[in-house]
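Here is the structure we will look at, set down as structure tokens.
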Amino acid sequence: MTLPDPAQLDAADPLREFRSRFFIDDPDLIYLDGNSLGRMPLAACEILHRQAEDGWGSRLVRGWNEGWFDLPARLGAKIASLIGAEPDEVVVADSTSVNLFKLAAAALEFQSGRSQIVSDDLNFPSDLYVLQGLAQTAGRKVVMARSPDGIEPGDVEPLIGGETALLTLSHTAFKSGAIRDMAAISAAARSVGALTLWDLSHSVGAVPVDLSGSGIDLAIGCTYKYLSGGPGAPAFLYVRRDLQERLRNPIAGWFGQARPFAFELKYEPASSLRRFQTGTPPILSLAAIEPGVDLVIEGGMDRIREKSMLLTGFLADLWERDLRPLGVALNSPLDAARRGSHISFGHPDGWRVDRALIEDARVIPDFREPDNIRFGLSPLYTTFTEVDEAVRRFRELLEQRTYEKYPPARAEVT
């Protein structure tokens with residue numbers, strides 16, 4: 001198989017200059033885990049220093065009237081531009097799991113006469129844990145579609161019916177990278193009166209999303225993957241404008257109160273999306289999100305998606321030529337248009353291979369049970385040359401069986 005020259009692909013890359021705007025202190029380390037934790041934008045260092053020294057240090061509590069109070073909504077408006085939403089339909093608050101709980105609980109209360117939550121087994125497990133706990137508390141049932149091969153999503157539409165209160169799925173599957181047909185599935189839910197809630201964590205910043213055009217009711221997503229917001233950065237939530245005053249935040253707190261600084265004893269929710277905020281937002285963590293979001297906006301989702309498909313397509317071709325003959329399976333859709341910006345490889349000794357990649361080959365992917373070695377390709381800083389070199393090192397450790405020196409016991413974080 002004759003493949004393009006990666007150096008020529010890099011030279012023709014319209015996003016090539018963005019790499020220099022991320023913190024990269026070791027050019028020999030190939031980082032392919034941007035689908036789990038994005039590289040740090042250089043501007044994030046600057047803004048954290050400025051917020052810590054000039055904001056917290058000098059301005060002290062005065063900072064709340066100098067931009068801090070409105071920061072969750074201002075960041076939400078920027079993220080809205082990446083996911084096909086209106087500026088006042090997205091806010092940054094809490095974690096992805098907490099946001100899922102808030103929106104799913106609000107949806108179940110709104111759909112009080114319906115008994116089921118529909119999801120599937122390719123959804124992120126943390127989402128399923130939240131839904132299972134909520135269903136137990138609310139006296140509802142979680143019904144899950146099954147994916148027959150663990151890669152392509154199963155058929156969820158037959159499970160949606162008159163008892164469905166909420167359909168909630170991941171847009172891009174966390175293991176395989178498979179993308180769901182958001183518009184078609186949501187239309188099926190809408191036709192029977194069910195609400196829809198989508199997890200965009202593995203899509204936002206890498207895969208174009210059109211929430212308004214797809215008729216989506218609710219959505220959540222994290223900011224620390226392709227948006228490079230930093231480890232554990234606050235997440236975002238989306239509520240369609242016409243639903244905002246009709247849904248109740250089950251975790252009422254003073255930042256969702258209509259007049260938080262009136263300190264009234266009775267809770268009255270804000271009339272806007274601010275009602276889905278709860279406690280005091282973490283300002284330094286919020287501030288660190290903005291540089292990565294700005295870079296994605298500047299890069300443009302059309303160009304980012306185009307490069308993502310080229311990168312993953314190049315990687316899939318390298319797998320076909322160099323890795324498949326050595327027993328590596330492709331645990332992602334082969335069609336680039338049907339997957340996000342990460343590819344999963346399968347190997348019987350996947351965990352030990354992952355350790356050898358990190359410790360010996362100096363390639364950082366991540367591992368997901370049972371055998372998935374995920375290569376996350378972030379279009380703003382991953383190069384074709386890196387992908388080519390990563391596969392060369394991958395092939396070499398397989399040929400030399402370097403991975404066999406590692407024990408099969410898993411680390412706590414994989």
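Of note:
- Count of the range 370-388 residues, restricted to those that are open to solvent by 40 Å² or more (accessible area, probe 1.4 Å) and either under 17 Å from PHE23 (Cα atoms) or in contact (Cβ under 8 Å) with a residue 40 or more places away in the chain (or both), is 3.
- Residue identified as out of contact with any Lys or Arg (no Cβ under 7 Å at 6 or more places or on another chain) and not aromatic (Phe, Trp, Tyr) among LEU295, LEU265, LEU323: LEU265
- Any hit, the range 350-358, residues being in contact with a strand residue (DSSP E or B) (Cβ under 7 Å, 6 or more places away or on another chain), of a type outside the set (S, T, N, Q), open to solvent by less than 10 Å² (accessible area, probe 1.4 Å) and within 19 Å of SER170 (Cα to Cα): no
- Residues satisfying the stated conditions in the range 212-227, i.e. closer than 16 Å to VAL296 by Cβ and open to solvent by less than 10 Å² (accessible area, probe 1.4 Å): GLY221, CYS222, THR223, LEU227
- Of all residues making up the range 95-121, the number that are at pLDDT below 95 and open to solvent by less than 20 Å² (accessible area, probe 1.4 Å): 0
- ARG241 being open to solvent by 50 Å² or more (accessible area, probe 1.4 Å), modelled with pLDDT of 95 or more and under 19 Å from LEU195 (Cβ atoms): yes
- Note on the range 149-175: among residues that are under 20 Å from THR223 (Cα atoms) and among the polar types (S, T, N, Q), the one that is surrounded by the most Cβ atoms within 10 Å (Cβ to Cβ) is THR168.
- Any hit, the range 59-69, residues being touching an Asp or Glu at 6+ places or on another chain (Cβ under 8 Å), modelled with pLDDT of 95 or more and either open to solvent by less than 60 Å² (accessible area, probe 1.4 Å) or over 24 Å from ILE343 (Cα atoms) (or both): no
- For the range 122-148, filtering for residues that are open to solvent by less than 50 Å² (accessible area, probe 1.4 Å), assigned to a helix (DSSP H, G or I) and among the polar types (S, T, N, Q) leaves 1.
- Every residue from the range 244-294 that is touching a strand residue (DSSP E or B) at 6+ places or on another chain (Cβ under 7 Å), surrounded by fewer than 21 Cβ atoms within 10 Å (Cβ to Cβ) and under 30 Å from PHE23 (Cα atoms): none
- Residues in the range 297-312 that are out of contact with any strand residue (DSSP E or B) (no Cβ under 6 Å at 6 or more places or on another chain), within 23 Å of SER344 (Cβ to Cβ) and β-branched (Val, Ile, Thr): 1 in all.
- Cβ-Cβ distances below 8 Å connect the following pairs, each with a first residue in the range 34-51 that is of a type in the set (D, E, K, R), a second residue that is not in a helix (DSSP H, G or I), and a separation of six or more residues or different chains: ARG39/PHE22; ARG39/PHE23; ARG39/ILE24; ARG39/TYR31; ARG39/SER228; ARG39/SER378; ARG39/TYR381.
- Residues (over 23 Å from GLY177 (Cα atoms) and of a type outside the set (Ser, Thr, Tyr)) located in the range 20-35: ARG21, PHE22, PHE23, ILE24, ASP25, ASP26, PRO27, ASP28, LEU29
- Wholly within the range 294-401, helices (runs of 4 or more DSSP H) carrying at least 3 residues that are under 21 Å from the mean Cα position of the chain (by Cα) and hydrophobic (A, V, I, L, M, F, W, C): 301-318
The values are calculated or read from the model by the stated rules, or taken from the named source; none is laboratory data. Computed from a prediction, not measured in an experiment: that's the story for all the values here. Positions of Cβ are backbone-derived with ideal geometry, glycine not excepted, and every protein chain shown enters the neighbour counts. Protein only, heavy atoms only, side chains kept; ligands, DNA and RNA dropped before computing areas. Shrake-Rupley method; radii C 1.70, N 1.55, O 1.52, S 1.80 Å.
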